[in-house]
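**Q** A single structure is presented below for examination.
The values are calculated or read from the model by the stated rules, or taken from the named source; none is laboratory data. Because the structure is predicted, anything quoted here is derived from the model rather than measured. FYI the Cβ positions are ideal-geometry reconstructions off the backbone, even for glycines, and counts take in every protein chain you see. Note: accessible area is taken over every heavy atom of the protein model, side chains too, but ligands, DNA and RNA are not part of it. Shrake-Rupley method; radii C 1.70, N 1.55, O 1.52, S 1.80 Å.
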Amino acid sequence: MAVVARKVVIESVQDAAGMAGLIEDGVFTADEVIAIIGKTEGNGGVNDFTRILADQAFRAVLMKHGTRSLDEVEQVPMVWSGGCDGVITPHATVFARNDETGPDDESRLTVGIAMSDTILPEDIGRPAMVSKVADGVRKAMEIAGITDRAEVHYVQTKTPLLTMETINEAKSRGESVFSEDIHQSMDMSNGTTGLGIAVGLGEIEMPDADAIGSDMELFSSVASCSSGVELDRAQIVLVGNAPGAGGDLRIGHGVMNDALDFDGIYDAIRSAGLDLPERPHPSDLGDRLVNVFLKCEADPNAQLRGRRQIMLDDSDVHWHRHAKGAVGGVTAAAVGDPAVFVSVSAQHQGPPGGGPVAAIVHVE
C-alpha cells in the first residue's frame, strides 16, 4: 500500500486544522493516517506540555473524522519534538496509507511502525535498552517490507526519560539508575536509542556498557531519537524504500558533519532521487520536497571549523536551544522553508557535532 506524506503548519499550540483540511479535501482519510512527526513550540525540555497538547489535538481530529475506536487512535504513533528555537516553524508531517500499488521494479516510500518491550528506568543508558530498541527496529523493518538494510533511511523514535517518580520507583525495587540528573537522562535516552538503532540495522556490533554515552565513534547515520514522559517503551517509526510500495515518494539520507554543513542536507535530497546542480539553490527544489528531518548537537570540543564556540559554557540558555536555533536557520536557508524538523541531542546519532539528515521527495 502506498504511503502519502504531507506537511501542515501548526498555527497555535492546539491547532490540527491543517490535517483536518487534508482529510476534508480527500487527500487521505482519517483512518488511513498511520503516523505523525512534528515540531511544537514549547521549551523542548522534560516539562514541555506543548507536545501533549499537540498530541491531543491531532488525535481528536482522527476521532472526529474517522471510524477507529479511541484505543485504535491512541495506538497511532505521534512523535512530537518540542522547541522551535530561532526560525523553526511549528508543523507536522502526516503519514497515511492508501490502496495504490506500484510496479515491483520501482522502490517507493514505505513505513514500518513498532513498539519495543517496556523500557524500565534502570534500562536507560545501559545495554538492556540497546537490545530492546534493536529488537523493535528489526520488527519495524519487517513490517515495512524492507529486506535490504541499506534501504532504511530514517528511524524516528520516542523513548522514556527519567523523572523523579520513575527514579524513586526503581529504587523501591532495589534497582539503580545511571544518573539522577533528569535533563541529562534526555540526552542519554536518545543516545542509547541511537545505539539500539545502529545495532538493529547492523551498522555496529552490540556495544560494551562503558561505550554508551562515551564512545562517540559509535553512531547510527539514520537515527533520530527523541525522549519524553509520554510513554514507557520505544515508539519506532522506520522509513525507507521498497520495490512495489507504490506512490510517488522516496526517502534518502545524508549526514551533516557539523552545524554549517548544508551539503549534508543536499546529499540527503539527492539520495532520495532528486537531481540537483553542484551548488544547489532552494529554487532548484520546486515543490518536490516534502520535508527534511535532522538531528543536531553542540560540538563536544566547543569548536566549529576552528572557531571557538560558547554554547556549552552558557549558563543562561541551554546548549540544546543554541544548537537547535542555529541548525534550524542553516536548514531553513538551504531548503527555503522554516517548517523543518530539527531535533537536538544527537548523541550516537551521526558524528560528534553533526547529525543525520533524511529527506522525503516527490519523484517523477
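Results for (1) over 18 Å from the mean Cα position of the chain (by Cα); (2) open to solvent by 30 Å² or more (accessible area, probe 1.4 Å); (3) among the basic types (Lys, Arg), shown as yes or no for each residue.
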{"site": "Gln75", "(1), (2), (3)": "no, yes, no"}
{"site": "Ile88", "(1), (2), (3)": "no, no, no"}
{"site": "Asp104", "(1), (2), (3)": "yes, yes, no"}
{"site": "Ala114", "(1), (2), (3)": "no, no, no"}
{"site": "Glu142", "(1), (2), (3)": "yes, yes, no"}
{"site": "Ile146", "(1), (2), (3)": "yes, no, no"}
{"site": "Glu151", "(1), (2), (3)": "no, yes, no"}
{"site": "Ile167", "(1), (2), (3)": "yes, no, no"}
{"site": "Gly174", "(1), (2), (3)": "yes, yes, no"}
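**Q** What pairs can you find where one residue is in the range 129-142 and over 19 Å from Ala245 (Cα atoms), the other is open to solvent by less than 20 Å² (accessible area, probe 1.4 Å) and charged (D, E, K, R), and their Cβ atoms are less than 8 Å apart, with a gap of 6+ or different chains?
**A** Between residues of the range 129-142 that are over 19 Å from Ala245 (Cα atoms) and residues that are open to solvent by less than 20 Å² (accessible area, probe 1.4 Å) and charged (D, E, K, R), the close pairs are Met129/Asp123; Lys132/Asp123.
**Q** Hey, another quick one. Anything in the range 78-119 that is over 20 Å from Val340 (Cβ atoms) and part of a loop (DSSP other than H, G, I, E, B)? List them, or say none.
**A** Of everything in the range 78-119, those that are over 20 Å from Val340 (Cβ atoms) and part of a loop (DSSP other than H, G, I, E, B) turn out to be Asn98, Asp99, Glu100, Thr101, Gly102, Pro103, Asp104, Asp105, Glu106, Ile119.
**Q** Sticking with this one: Please work out which one of (1) under 18 Å from Gly191 (Cα atoms); (2) in a helix (DSSP H, G or I); (3) open to solvent by less than 40 Å² (accessible area, probe 1.4 Å); (4) not hydrophobic (A, V, I, L, M, F, W, C) is the condition Asp135 fails and give its number.
**A** (3)
**Q** Across the range 343-355, which residue is nearest to Val330 (Cα to Cα) among those that are within 17 Å of the chain's Cα centre (by Cα) and open to solvent by 10 Å² or more (accessible area, probe 1.4 Å)?
**A** So, considering only residues that are within 17 Å of the chain's Cα centre (by Cα) and open to solvent by 10 Å² or more (accessible area, probe 1.4 Å), the one nearest to Val330 (Cα to Cα) is Val344.
**Q** Restricting to the range 189-222, and then to whatever is in a helix (DSSP H, G or I) and farther than 17 Å from Phe178 by Cβ, can you tell me which residue is most open to solvent (accessible area, probe 1.4 Å)?
**A** Per the criteria, the residue is Val199.
**Q** Which pairs do you get when a residue that is at negative phi, found in the range 168-181, comes within reach of a residue that is of a type in the set (Ser, Thr, Tyr), reach meaning Cβ atoms under 7 angstrom, with the pair 6+ apart or on two chains?
**A** Final answer for the pair search is Ser179/Ser185.
**Q** Small (Gly, Ala, Ser), surrounded by fewer than 17 Cβ atoms within 10 Å (Cβ to Cβ), part of a loop (DSSP other than H, G, I, E, B) and modelled with pLDDT under 95: does that describe Gly45?
**A** It is true that Gly45 is small (Gly, Ala, Ser), surrounded by fewer than 17 Cβ atoms within 10 Å (Cβ to Cβ), part of a loop (DSSP other than H, G, I, E, B) and modelled with pLDDT under 95.
**Q** Right, here's the next one. Where the second residue is among the charged types (D, E, K, R) and open to solvent by 60 Å² or more (accessible area, probe 1.4 Å) and the first is closer than 14 Å to Thr40 by Cα and without any contact (Cβ under 8 Å) to a residue 24 or more places away in the chain and lies in the range 1-22, which pairs have Cβ atoms under 9 Å and are six or more apart or on separate chains?
**A** As it stands, the answer is Ser12/Glu41, since those pairs meet every condition given.
**Q** In the range 116-132, what residues are among the basic types (Lys, Arg) and either open to solvent by less than 10 Å² (accessible area, probe 1.4 Å) or more than 19 Å from the chain's Cα centre (by Cα) (or both)?
**A** Arg126
**Q** OK, next. Within the range 223-272, how many residues are outside any strand (DSSP E or B) and open to solvent by 50 Å² or more (accessible area, probe 1.4 Å)?
**A** 10
**Q** Restricting attention to the range 49-75, and to residues there that are of a type outside the set (A, V, I, L, M, F, W, C), without any contact (Cβ under 8 Å) to a residue 24 or more places away in the chain and outside any loop (DSSP other than H, G, I, E, B), which single residue is nearest to Gly18 (Cα to Cα)?
**A** Arg59
**Q** Also: Would the range 309-322 turn up any residue that is within 25 Å of Thr40 (Cα to Cα), surrounded by fewer than 23 Cβ atoms within 10 Å (Cβ to Cβ), hydrophobic (A, V, I, L, M, F, W, C) and touching a strand residue (DSSP E or B) at 6+ places or on another chain (Cβ under 7 Å)?
**A** No, the range 309-322 contains no residue that is within 25 Å of Thr40 (Cα to Cα), surrounded by fewer than 23 Cβ atoms within 10 Å (Cβ to Cβ), hydrophobic (A, V, I, L, M, F, W, C) and touching a strand residue (DSSP E or B) at 6+ places or on another chain (Cβ under 7 Å).
**Q** Right, here's the next one. Out of (1) part of a loop (DSSP other than H, G, I, E, B); (2) open to solvent by 10 Å² or more (accessible area, probe 1.4 Å), what's the single condition that is false for Phe28?
**A** (2)
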